[in-house]
Each structure stands twice: as structure tokens, then as C-alpha cells.
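See below for the structure under consideration.
Every read-out reported here was derived from the displayed coordinates using simple, explicitly stated rules and does not represent laboratory data. What you see is a predicted model, and the numbers here were worked out from it, not measured in a lab. Quick reminder, even Gly has a Cβ in these numbers, built from the backbone with ideal geometry, and neighbours come from all protein chains shown.
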Amino acid sequence: MASLIEAIEIKRKSYFEYEDAPYHCIDVDVSKPTARGGQTLVRLKMRNLLTQAVFDKTFKAGEKFKEPDLVMVPASFLYADSGGYHFMDQESFDTLTLSSGTLGDDRMLLVDNVLVQVHKYNGNPIGVVFPAHVELTVTATEPGVRGDTASGGVTKAATLETGLEVRVPLFIKEGEKVKVHTETREFAGRA
């Protein structure tokens, strides 16, 4: 039997099961009672890993949750087609397929052979966890013009090989590889 986790023990970035679905804790707020006999409440900002819905819910400190049957599998991105996005499990060499609906906007970070962690819940792939940065090639950007910085605009728009648009410094040219922060989708430096 899976071990139980009390609500008061749930920390940021931990995983738990609630109403037969896996959840990822985004933020925790514990409110201690001011009066005697009051209950400690735990407010969780949580993401449903199956639907990607994010919401806040308040629990009593002693409420218990199961640990989800959640496994992180190292995988590399192979290709995308009408059937979905295909990854190769780096341990078993099986092909794991995720739908475009499951990936959402994260598909804009996928390039050939990028290494990710695929979440598997009860043996089925349900999502992808990216490394902190991915390297993408700039396919289109305006040339930086000397003197543009006087107006305060020290960045310009750039379109990357996946179609993702980010703001980059003026010195970045077409064809250069740049690092993009996967959580914020912002320029993180040259590759």
C-alpha cells in the first residue's frame, strides 16, 4: 500500500494524489489558528497533472493524501506527426507518445534530441518536465541598429526554429543558437 502524506507535510514542488488524480504543488500557505481549539489550515496552489488545471484548495492540516504512482523517465524527443509528439525512453528504448493537447505551449520548446523527463502515471505518459534551459536557433530577427538603445529598447523580437518568439539583445543575429529559460520562456544567453 502506498504511504500517506499529511497536508501539513506537503511542500512546494512535491507530488500527491487527490480525488484519484496526480497533483503537483505549486505553492503552500499554512495558517495557524489564533484562538485555542482552532484548526491549522493548509492552502495549496496545485496543478492537476492530467488536465493541467491550476487552482487553490484549503485542507485541514491532518488530512491525508496518497503518494501518486508517478514515475519520471528520461527521454529524448524524436519527432512530431498527426499522432502526437514521440519521445524515446532512454532506459527501455520504448517510444512514448503525448498528444499536442497534453503538451500545450511546451511543444514550442521541443527540438530534435532534446533530453526531457516524461511523467508516467500508472504506466501512461501524462506530461513532460524540461531541463532549466533549451538551446534553439534564431531563424528571424531584425538587425540591431546602432543608437537604438537611446530610446530604452535594448531588446528586439526574435523568432526561433520552433516558432517561439522571445526578446533578445540587439547583438543576436539570425542563425545563432540561444538558450531559452524553459519556465519563463525568456532569453537566457548565447548557447
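At 4 °C and 1.567 mPa s, what whole-number value in µm²/s does Stokes-Einstein give for the translational diffusion of the stretch 4-66, with Rh from the Kirkwood sum over Cα pairs?
In µm²/s, the coefficient rounds to 109.
Computed about the Cα centre, the dipole magnitude for the stretch 20-163 is approximately 940 debye when only Lys and Arg (+1) and Asp and Glu (-1) carry charge, each at its Cβ.
Give me the net charge for the shell around K64: Cβ to Cβ below 15 angstrom, other residues only, Lys and Arg +1, Asp and Glu -1.
After counting each charged neighbour, the total is -4.
Charge tally for R167 (other residues, Cβ to Cβ under 11 Å; Lys, Arg +1; Asp, Glu -1): 0.
For the stretch 1-105, the convex hull spanned by the alpha carbon atoms encloses 124 Å³ per residue.
Let's test the formula: R0 of 30 Å, r as the Cβ-Cβ distance of K177 and R47. What FRET efficiency results, to the nearest 0.05? Mind dumping the intermediate values first?
Numbers: r = 31 Å, r/R0 = 1.03.
The pair K177/R47 has a calculated efficiency of 0.45.
Each 5 Å bin from 0 upward holds the following percent of the Cα-Cα pairs of the chain: 1, 7, 13, 14, 13, 13, 11, 9, 8, 5, 3, 2, 1, 0. Annotation: peptides 63-75, 25-37, ranked by per-residue average of other Cβ atoms within 10 Å with the highest first, follow the order 63-75, 25-37. Calculation over all alpha carbon pairs of the stretch 70-129 in 10 angstrom steps from 0 returns a P(r) of 26, 63, 12 percent. Dividing the mean sequence gap of close Cα pairs (under 8 Å, 6+ apart) by how many residues the stretch 44-174 holds gives a relative contact order of 18 percent.
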